[in-house]
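Take a look at the structure set out below.
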Amino acid sequence: METRKLGIGIVGGGYMGKAHAVAMQAVGAVFNTTLRPSLEMVCTTSPEGARRKARELGFARATADWRELVTDPAVEAVVIASPQTTHRDIAQAAFVLGKPVFCEKPLGRDLADSRAMTAAAKASNCVNMVGFNYIRTPASQLAREIIGSGEIGEVTYVRGEHTEDFFADPAIPATWRTQGRSNGTMGDLAPHIINASQALAGPMDRVLAEIETVVKERPSGDGMMKVTNDDHAQIMCRFTSGALGAFYVSRTAHGRKMGYAYDIYGTKGSIRFDQEDQNALWLYEGAQKPGREGFKKLLTGPEHPDYENFCLGPGHGTGYQDQIIIEARDFLKAIESGRALWPAFEDGLYVNQVVEAAWQSSEAKRWIKLDEV
């Protein structure tokens with residue numbers, strides 16, 4: 001197989017920027033891809049910081065101006081790993097130049113941004129993808145296979161959550177995460193479990209939500225600062241398939257570190273998953289012998305999607321970084337084929353639509369249909 005170099009530019013050198021840089025360096029060896037990423041340029045908020053990140057992560061060059069990165073001829077594809085308030089301008093500029101874009105979730109800061117970005121992607125006919133990494137674990141890919149094959153029958157109910165506790169302690173100081181709607185729980189955590197529900201049960205028809213701020217003020221300097229976004233929310237929904245759903249998202253859930261979890265009930269059985277035990281999927285098959293009824297723990301192994309590229313031992317497990325490498329493989333496949341793979345920008349737009357419907361529902365205290373927003 002003949003390989004070809006692909007110049008990558010990454011906007012953002014923080015937590016996710018590093019994860020994508022590592023993934024781009026590893027993906028060729030892990031999946032033996034035809035396209036072999038080359039880290040051409042990284043962009044951070046300061047020239048000094050950008051140069052430091054270039055040295056640490058292996059980029060050829062650095063800049064503090066994302067426009068320089070996007071327009072650089074050696075940068076053939078752009079990865080956006082900067083705050084969601086910056087996503088729209090970067091993506092649109094890349095599409096004008098005909099460059100594929102991978103954008104971290106959520107797609108835009110709000111529904112208007114996401115609509116504009118999706119329209120720009122369609123108009124340019126460029127490959128585009130949104131970064132929902134958790135749904136790519138071998139276990140969640142297996143869950144999709146089980147549901148898609150009809151093994152648990154028709155889905156009747158979905159319970160989901162994305163719960164963490166990084167703001168559970170009221171003494172934790174205010175940060176940028178406590179300011180602005182797009183940085184709250186509905187903008188940060190909810191998109192992941194909404195995306196999971198889309199993958200597992202299809203689109204929603206309507207939602208009923210309550211969204212709240214638990215800790216109203218947090219320490220800041222010598223005083224207190226008002227928290228201007230949400231800490232947790234509950235969302236009921238009806239899927240277009242007719243299935244019911246209920247979701248809880250929180251950044252103040254004591255004890256939960258990565259509570260991305262779901263229960264899917266069907267007419268023939270059910271499945272359960274928790275990201276804190278990401279290498280196991282629990283399956284309940286109907287019509288079991290009385291006295292032998294119960295969930296069966298399925299440990300992921302080489303027989304499951306994408307697992308064997310990382311490890312040949314069943315039960316040895318994959319980790320967080322592996323999810324990002326799988327994303328990178330999918331992005332490269334999309335570029336090679338010239339067509340977007342799920343989840344594309346339009347799927348990220350759907351997530352923003354659900355988030356907006358939830359906000360409208362919470363404010364109006366009524367059910368909101370997605371086609372109303």
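Key figures
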quantity	calculated
Per-region count, the stretch 99-125, residues closer than 22 Å to Gly17 by Cα and either among the basic types (Lys, Arg) or assigned to a loop (DSSP other than H, G, I, E, B) (or both)	8
Residues of the stretch 143-191 classified as surrounded by fewer than 22 Cβ atoms within 10 Å (Cβ to Cβ), in contact with a Phe, Trp or Tyr (Cβ under 9 Å, 6 or more places away or on another chain) and in a helix (DSSP H, G or I), total	3
Filter result for Ala233 (surrounded by fewer than 21 Cβ atoms within 10 Å (Cβ to Cβ), of a type in the set (Gly, Ala, Ser) and assigned to a strand (DSSP E or B))	no
Qualifying positions in the stretch 330-373 - touching a residue at least 60 places away in the same chain (Cβ under 8 Å) and acidic (Asp, Glu)	Asp330, Glu336, Glu346, Asp347, Glu356
Residue among Ala77, Ala94, Ala29, Ala81 that is out of contact with any Cys (no Cβ under 7 Å at 6 or more places or on another chain), without any contact (Cβ under 8 Å) to a residue 24 or more places away in the chain, of a type in the set (A, V, I, L, M) and outside the structural domain of Arg181 (by TED's automatic domain parsing)	Ala29
Single residue of Gly259, Gly266 found to be within 15 Å of Arg159 (Cβ to Cβ), buried (at least 20 other Cβ atoms within 10 Å of the Cβ) and under 24 Å from the mean Cα position of the chain (by Cα)	Gly259
From Ala340, Ala328, residue being modelled with pLDDT under 95, crowded, with 21+ Cβ neighbours inside 10 Å and not assigned by TED's automatic domain parsing to the domain that holds Asp277	Ala340
Any hit, the stretch 240-251, residues being charged (D, E, K, R) and buried (at least 22 other Cβ atoms within 10 Å of the Cβ)	yes
Filter result for Arg136 (under 17 Å from the mean Cα position of the chain (by Cα), crowded, with 16+ Cβ neighbours inside 10 Å, among the basic types (Lys, Arg) and closer than 18 Å to Glu356 by Cα)	no
Residue that is nearest to Lys257 (Cα to Cα), among those in the stretch 277-324 that are in a loop (DSSP other than H, G, I, E, B) and among the polar types (S, T, N, Q)	Gln278
Residue match in the stretch 59-72 (condition: in the same structural domain as Asn128 (by TED's automatic domain parsing), more than 21 Å from Asn183 (Cα to Cα), of a type in the set (D, E, K, R) and in a loop (DSSP other than H, G, I, E, B))	yes
Matching residues, the stretch 282-329, being without any contact (Cβ under 8 Å) to a residue 12 or more places away in the chain and among the basic types (Lys, Arg)	Lys289, Arg292
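The values are calculated or read from the model by the stated rules, or taken from the named source; none is laboratory data. Quick caveat, the model's predicted, so the values are computed rather than measured. Cβ sites come from the backbone with ideal geometry, for glycine too, and all protein chains shown count toward neighbours.
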